[in-house]
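Worksheet: the structure to be examined is printed underneath.
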Amino acid sequence: MPGPIKHEQPPLRDKESWKKIGNCAMFLAGSIFLLFWLFNGPLRPDPTKATRGRTTVTIEAPAEAVQQLSPFADWMLHTGFLYLSIPLLGFAFYNQVRWRKRAEAKELIARDERAADNRLAASPINQLGGRRSDAKKKPDIEVEVNGKKIKIAAMRCDVGTLILPGDRRFADLSFDKVIGQQEAKFEITEFLDFLKHPEKYQKLECKVPRGVLMHGTHGVGKTMLARTLAALCGLPVIEVGGSEFVEMFVGVGASRMRLLFEDLDNLVKVFGGAILFIDEFDAVARIRGSSHNTESDTTLNQLLKELDGIVARPNVYTFAATNRKDNIDPAAIRPGRFDREVQFFNPTRKDREALLGIYLPERLRAPGLDLSVAAKACPGASGAHCANIANEAKILTVRARLEQVTQDILDEAVLKVMMGARREGQRQILTPAELDTVKVHEAGHALVYMKLSGRAPLRFTIIPRGQTGGHVAYSDDFETLITKEHCKIRLAVLMGGSASTAKLRDGQEDSGIGMDIQMASDLAIQMVTQFGMSALGKFNLQSMQKAGLVSDQFRDRVAKSVQDLVDEGEATARRIVDENTEDLRHLVVAIEEHETLLEPDFKRIFKLDYPEQAVDPVKVGLAKEGGGGNA
C-alpha cells in the first residue's frame, strides 16, 4: 500500500510564496470593499420609496429609518469602497494572469525539452552515447572499484560512448561466439592475458602493445571482436567513430581529441587503465595532404601527439578498425602508436556453416535442414551476410506461415541476399526471344566451367534476380584461387556466354555479354599490369607511371597484351562449345524445363563423379589443354 501523500510546506524565505499570499489578501480585500459598496449603494433599498402593486410611490420615511452619516462615511459607502476595490482586484487579476503566462511559458519550454530528450533517447546516436549538450550539467557516474563505490566525473568530450566494466549490454559476449578469425582472436586473447597476468611478461621486461590496428573487408567481425574485448577486459572503454572528429570549423576536431584523452586520463586514475576504440579509423587518420581539408590534418596531428607525445600514456591502449588501411597516414600506424596489426578475412565454408548454426538454432530448423548446403552456396559471404541470410530465412518462414525454417526457404534466403530478390514481374514482360537468349547465354557459362574445372556449378538458374536475368554460381576455390592458368580459365568461363549464343543461334551477338566483357577486361588488365602474367614480363604499371617510365608505345603493347588474353579466353570457350555442342543443347533443354539446376542435378544429368573435396581447376584445365606447370 502506498504511504500517505506528504504536503511539503514552502520555506518562510520563499519570496514567490509570500507574493502569492499577498496577492490572495489583496483579492480578498478588494472583494470585501466591493461587497460593502454594493450593499450600501446600488443594492441598498431606498426608505423614501415604496412599491404598491405595479406602481412605485414616494413616501415620507420615518426619522428613525434615515441613517445620519458623516460626509466622509457617506462618501466611503457610496464611492470610496468602489475606488478601493477596483485597483485591488485589478492588481490581483493582473498578477494572476502574469504568473499564469509565466507558468505556461515554463511548461512549454519543459515540454519541448522533454520531447527533445525523448527523441534523443530513441535515436541510435544517443543510445551509443552520441553528442552531448554542454548546456546541461552532467551528473557524476558512480562506479564500484575494488569493492568501493567511487564517483567519477562525466565525459567532457561531447562525442563517444563510455563503456564501464560490467556493462549489461555486453554481459553475454565471449570469444567462443566469434566464429573464425583464429589469428585475430589469438592476438586479442594474448592482449587480455597481458592485462590480467602482467607478472609473466614483466620477468622478460615485455611491454604491453600500445595499440592494435584491425583491418580487413567489411562485415567480418572487427567491431564484434571489439565488443567482446570491452566485455572481458575489465577496463573502461571509450568507443568513438572516426568521422565524429571531422568538422567544418578548424580546431573543433583537435579540441575534441584533447578532451577525449583527458577523459581517458581521468579513467586511468580510477581504474588503472583505459581502452580507446576508434571505428572507421581512416576517417580521422587519412593521409595528410591527400585533401584540401585543413581541419582533418589538424585533427590527425593532435591525435598523433596524444598517442605518442612527450608525456607518455602507458596505461591507455588504443584499438582501431578500418576497411581502408591504404588510406591511413603511415605516421599514425607506426610502432609505438600501433604495435600490432590484425587482418580479418571472410569466413571459410565451415565458418559460414557455424555462423548459420548460431543465427539459426536447432529449435528453428525443420527436420532435414542441411546448413552446409547454404554455406556452400554463398562463397565469399562475410559474417554480416550470414546473419542477414538467417534473418531473411526467418522472415520468409513467417511469410509462408510456417513454424520452422525449411531447406527451400534457406536456399531462397541465400539467393535473395547474395543475388537480389526475385523479379517475377520482369519475367512477365520479357519476350520469348529474350528468355531464349538468357538460357543459352547462361548455359554457355555453366558448360565451359564444368568442362574446364571438372566439377558442376553449385547453381544454374534463369530466374531474374537483382541486375541479372540469370546466373551461375561457382565453388569457393574458383572464386578465390589466383594463378595464371586459373585466371585463363576464368576468362574462358566469362566468354562462354557469347560462345554458346554464337554457336546455337547462328553467330548472334547480344548486349547481354556487356558485363562479361567488362569483367574479363578487368581481369586481363590485372594479369598484365599487376600480376605479371603476360609476355611483357613482370612489372607494375602504376609504379612505372609514377616514375615516368611509360611511353605511348609501351601503352599500346599493354593494350595489345590485354586484348590477346581476352581473345585467348574467347577462343578456349568457343573450342569447348564446339566440342560439346550436344551437352550444351541438353543443358538448355534441362534449364528450360526446371528453371534452376543444382550441383546434384548436374551430376545426375551428365553422370559426373568426383569427390566432395574440390578438384583443382588448374590441374584439370592443364590436363585437358596439355599445358605445363604454373607460371
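Residue check: is Glu341 touching a helix residue (DSSP H, G or I) at 6+ places or on another chain (Cβ under 9 Å), among the acidic types (Asp, Glu), farther than 23 Å from Arg169 by Cα and not in a strand (DSSP E or B)? Answer is no for this residue. Does Val237 satisfy being under 21 Å from Asn146 (Cα atoms) and open to solvent by less than 50 Å² (accessible area, probe 1.4 Å)? Yes.
Conditions (1) surrounded by 24 or more Cβ atoms within 10 Å (Cβ to Cβ); (2) assigned to a strand (DSSP E or B); (3) touching a Pro at 6+ places or on another chain (Cβ under 9 Å), marked per residue:
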| position | (1), (2), (3) |
| --- | --- |
| Glu442 | yes, no, no |
| Leu447 | yes, no, no |
| Phe478 | no, no, yes |
| His486 | no, no, yes |
| Ile489 | yes, no, yes |
| Gly512 | no, no, no |
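The conditions of being without any contact (Cβ under 8 Å) to a residue 60 or more places away in the chain and loosely packed, with under 15 Cβ neighbours inside 10 Å are not met by Gly253. Residues in region 557-607 that are assigned to a helix (DSSP H, G or I) and of a type in the set (Asp, Glu): Asp564, Asp567, Glu568, Glu570, Asp578, Glu579, Glu582, Asp583, Glu592, Glu593, Glu599, Asp601.
Results for (1) within 24 Å of the chain's Cα centre (by Cα); (2) open to solvent by 20 Å² or more (accessible area, probe 1.4 Å); (3) in contact (Cβ under 8 Å) with a residue 12 or more places away in the chain, shown as yes or no for each residue.
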{"site": "Leu355", "(1), (2), (3)": "yes, no, yes"}
{"site": "Ile358", "(1), (2), (3)": "yes, yes, yes"}
{"site": "Pro361", "(1), (2), (3)": "no, yes, no"}
{"site": "Val373", "(1), (2), (3)": "no, yes, yes"}
{"site": "Lys376", "(1), (2), (3)": "no, yes, yes"}
{"site": "Gly383", "(1), (2), (3)": "yes, no, yes"}
{"site": "Lys394", "(1), (2), (3)": "yes, yes, yes"}
{"site": "Arg401", "(1), (2), (3)": "no, yes, no"}
{"site": "Thr406", "(1), (2), (3)": "no, yes, yes"}
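Within region 319-352, the residues that satisfy the criterion of being open to solvent by less than 20 Å² (accessible area, probe 1.4 Å) and either out of contact with any Leu (no Cβ under 9 Å at 6 or more places or on another chain) or within 29 Å of His385 (Cβ to Cβ) (or both) are Phe319, Ala320, Ala321, Thr322, Ile328, Phe338, Val342, Phe344, Pro347, Arg352.
Counting the residues of region 361-396 that are in contact with a Pro (Cβ under 9 Å, 6 or more places away or on another chain), closer than 25 Å to Pro600 by Cα and not in a helix (DSSP H, G or I) gives 1.
Can you find a residue that is aliphatic (A, V, I, L, M) and part of a loop (DSSP other than H, G, I, E, B) anywhere in region 218-239? Checked region 218-239: at least one residue is aliphatic (A, V, I, L, M) and part of a loop (DSSP other than H, G, I, E, B). If you go through region 135-182 and pick out every residue that is among the charged types (D, E, K, R), assigned to a loop (DSSP other than H, G, I, E, B) and free of Cβ contacts under 8 Å to residues at least 60 places away in the same chain, you end up with 5.
The values are calculated or read from the model by the stated rules, or taken from the named source; none is laboratory data. Since the model is a prediction, treat every value here as computed from it, not as a measurement. For neighbour counting, all protein chains shown are included, and Cβ atoms are generated from backbone atoms with ideal geometry for every residue, glycine included. For accessibility, only protein heavy atoms count, side chains too; no ligands or nucleic acids. Shrake-Rupley method; radii C 1.70, N 1.55, O 1.52, S 1.80 Å.
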